[in-house]
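The values are calculated or read from the model by the stated rules, or taken from the named source; none is laboratory data. As the structure is a prediction and not an experimental result, all values here were calculated from the model. Reconstructed Cβ throughout: ideal geometry from the backbone, glycine too, with neighbour counts over all protein chains shown. Side chains are part of the model used for accessible areas, which takes the heavy atoms of the whole protein and leaves out ligands, DNA and RNA. Shrake-Rupley method; radii C 1.70, N 1.55, O 1.52, S 1.80 Å.
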Amino acid sequence: QVQLVESGGGLVQPEGSLRLSCAASGTMFRLNSMGWYRQAPGNQRELVAKFTSGGTTSYSDSVKGRFTISMDNAKNTVYLRMNNLKPEDTAVYYCYLDRWGWARVWGQGTQVTVSS
């Protein structure tokens, strides 16, 4: 059973930066995609960024140009670099992993708060 452990959240001022990490324990065999969702209070969970097994990346319009997703295959870790953070980026960020033939796995979530 693959488990995801997230780190890197915290409190940051507007226009600041953070890097989230999500390390997967266990096999990444039959990887489909891996990435990040976020959920703010009262809102639905939304896809922020994802990295596919084909090497492509995609982003929500709200973070395009500010966030960058990357993957270190040797470490089974995906990163989310977040620059020029805005108060509306405040949310709990969840890492996920999709593999062909297996149910989606979620991380425990990490809080990101953007405030002066």
Members of the range 23-37 that are surrounded by fewer than 14 Cβ atoms within 10 Å (Cβ to Cβ) and assigned to a strand (DSSP E or B): 25
Index of the failed condition, residue 50 passing every other in (1) open to solvent by 40 Å² or more (accessible area, probe 1.4 Å); (2) out of contact with any Gly (no Cβ under 7 Å at 6 or more places or on another chain); (3) among the charged types (D, E, K, R); (4) not in a loop (DSSP other than H, G, I, E, B): (2)
Counted residues, the range 42-72 - those being of a type outside the set (Val, Ile, Thr) and free of Cβ contacts under 8 Å to residues at least 12 places away in the same chain: 10
Close pairs (6 angstrom Cβ cut-off, 6 or more residues apart or separate chains): farther than 13 Å from residue 23 by Cα in the range 99-116, at pLDDT 95 or above and of a type in the set (S, T, N, Q) anywhere: 113/90; 114/90; 116/13
Test: residue in the range 79-93 that is closer than 23 Å to residue 15 by Cβ, within 16 Å of the chain's Cα centre (by Cα) and modelled with pLDDT under 95: no
Count of the range 78-116 residues which are among the hydroxyl-bearing types (Ser, Thr, Tyr) and farther than 16 Å from residue 49 by Cα: 3
